[in-house]
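Every number in this text was worked out from the coordinates using simple rules, so none of it is lab data. What you are looking at is a predicted structure, and each value in this text was computed from that prediction instead of being measured. Here Cβ is always computed from backbone atoms with ideal geometry, including for glycine, and neighbour counts include all displayed protein chains.
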Amino acid sequence: MTPAGCGLAEDILNWSRIMAATLLGLSRVCAQTVTDEEVAALVREALLAPEWNTVAGGSYGFGYKDNVFLAHDNPQSAAFASAGAELLALRYAPLGPRFNFFANGDARHYFGNGVSHQEYTAFGQALAERDFTESLLGSFAAQFYYQDQVLDVSVSETNRQPIPVLGETINLRPGTRLKLSEHFSLSLDAYGARQFFNQPLDDYWETGAKFAAAYHFARDSKLTASYEPSWRAYDTDPALTATGSAITNSHRESLRHDLRLVWQQHWDEQRKWRTVLGGGVRVNQENGGGYFDYLRWAASARILYRHKAWEVSAEGRFANYDYSTQTISATDTEKRNRTDWTAILAIERRLNEKLVWTVNYEYEGADSNDPLETYTVNTVSSALRWDF
C-alpha cells in the first residue's frame with residue numbers, strides 16, 4: 001500500500017522535472033542554472049506550505065569568436081567578455097493552480113581587432129497551469145524576447161548576408177493537455193506573436209497551433225509526434241514575384257507547415273545518461289510568386305551525461321533548404337539550396353553548493369550554392385556561474 005501523500009509528492013516531482021526541462025531548454029537563450037536538486041528542494045517546501053519560492057543566479061566569463069559578423073570573406077575575430085543573470089520563481093499549490101516565472105538576460109562585449117558590435121539578449125516567461133480533472137490540464141503562457149545581435153536571416157529575407165538584428169517579440173500561448181492513459185497523451189497549444197524589428201527588417205504578426213501526441217514509457221522517457229501550422233503577415237513588405245521583384249499594392253504573407261518526431265530517453269534509473277533525437281520536415285509557402293517557397297529537412301541529436309559534480313553534453317543540428325522558385329541570382333538560374341550545421345560541446349563542473357564552472361565550444365556553418373552566403377564560425381568560452 002502506498003503511504004498517504006506519496007502519490008501527490010510523485011506528481012509534484014514529475015511536474016517540476018517537466019517544468020525545469022521546459023524552462024531550461026528554451027534554446028541558447030536560457031542557460032542551465034537551476035539544478036534538479038534545487039527544484040526538488042523547492043518542491044519539498046511547496047508541499048509543506050504552498051508559497052512562492054525563488055532561485056536566482058548570475059555568471060561572468062570570457063571567450064573567443066573567430067567570425068563575429070558571420071562573414072564569407074575576411075572574417076573578423078575577437079575576444080569577448082560575457083555576463084548573465086537568471087531568476088526562477090514558482091508556486092505549487094496542491095489544490096489550486098500552479099504559477100512560475102522565468103527571466104534571463106545575457107550580454108557579450110567584444111574587444112580588439114576593431115570589432116565594435118556588442119550583443120544583448122533577454123527572455124521572460126510567466127506561466128500558469130491548472131488541472132481541471134485528473135486527465136485534463138490547461139495552461140497559459142506570456143513570453144517576451146529581446147535581441148540585439150548579428151544573425152543570418154537569409155532563409156526568409158532578401159538579405160543574403162548576415163546583418164545586425166534589433167527587435168522584440170511578444171508571444172501569448174494558451175494550451176491544453178489530455179492524458180488518455182498511463183502511456184498516451186495529446187496536447188494542443190495555440191499562439192499569437194507580435195514581432196518588432198528595426199530596419200531593414202519588417203515587423204510582422206504570426207499565429208499558429210501545435211498538435212502533439214506522446215507515448216510515455218519508463219524513466220520519464222517519451223516519443224512525441226507533432227504537427228504545427230503557422231501563418232505570418234508582414235506590415236509593409238510587399239509580396240514578391242518569382243524573380244524577387246516587388247508586387248505593387250500587395251503585402252507579404254507566408255504559410256508554414258512543420259512535422260516533427262522527437263525521442264527523449266533516460267537510459268538508467270539514476271538518470272545519468274540522457275539522449276534526445278529529433279527529425280522533421282517543413283514546407284514554407286508565400287503569396288505572390290512564391291519567391292521564398294522551400295522544403296526543409298532537419299535532424300538533431302543531443303547526449304547528456306551527469307555524474308556527481310560533472311555534466312557533459314554534446315549536440316549536433318542539421319537543416320537543408322531546397323527553394324522551389326528562388327534562383328541563385330538573376331544571371332544564374334540554378335535553384336537556390338543551402339545547408340546549416342551546428343555542433344556544441346559543453347562541460348560543467350560544480351565546485352561547491354553555489355558555484356559552477358563551465359567550458360563550451362560551438363561550431364556554426366552555412367553551405368550554399370550561392371558562395372556569398374557561406375560562412376563558418378568557431379566559438380570557445382568559459383564562465384563561472386553562481387547561485388544566490
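A few comments on the model shown:
- Compactness relative to 2.2 N^0.38 Å, alpha carbon Rg of segment 143-240: 1.42
- Tensor-based shape of segment 56-387 (alpha-carbon gyration tensor, a/c under 1.5 rounded, otherwise prolate or oblate): oblate
- Stretchable slack from V150 to D322, in nm (0.36 nm times residue separation minus alpha-carbon distance): 59.5 nm
- Contact order normalised by residue count of segment 218-359, Cα under 8 Å, 6+ apart, percent: 18 percent
- Whole-Hz Karplus values for segment 288-301 come out as x, x, x, 4, 9, 5, 8, 10, 10, 10, 9, 8, 8, 8 Hz, taken residue by residue from phi with 6.51 cos²θ - 1.76 cosθ + 1.60 and θ = phi - 60°; glycine and proline positions read x.
- Cut-off under 5 Å, modelled amide H: who pairs with V165 long-range: Q149, V150, L151
- Length gained when the stretch Y64-Y120 is fully extended (0.36 nm per residue, less Cα-Cα span): 18.5 nm
- Alpha carbon convex hull of segment 239-282, volume per residue in cubic angstrom: 109 Å³
- For the chain, the relative contact order is 11 percent, taking Cα pairs closer than 8 Å that sit 6 or more residues apart in sequence and dividing their mean separation by the residue count.
- Cα-centred dipole magnitude for the chain, charges only on beta-carbon of K, R (+1) and D, E (-1), debye, nearest 20: 840 debye
- Estimated 222 nm signal from helices in the chain, with DSSP H stretches of n ≥ 4 weighted -39500 (n - 2.57), rounded to 500: -2500 deg cm²/dmol
- Under Karplus coefficients 6.51, -1.76 and 1.60, residue-wise ³J(HN,Hα) of segment 359-374 in Hz, glycine/proline x: 10, 9, 10, 9, 10, 9, x, 10, 10, 7, 7, 9, x, 5, 9, 8
- Efficiency of FRET from Cβ geometry, A81 and A233, R₀ 51 Å, rounded to 0.05: 0.80
- Each label point was placed 7 Å from the Cα along the Cα-to-Cβ direction; for T158 and W205 their separation is 2.4 nm.
- Gaussian network model of the chain, Cα within-10 Å springs - most flexible of N53, N104, N352: N352
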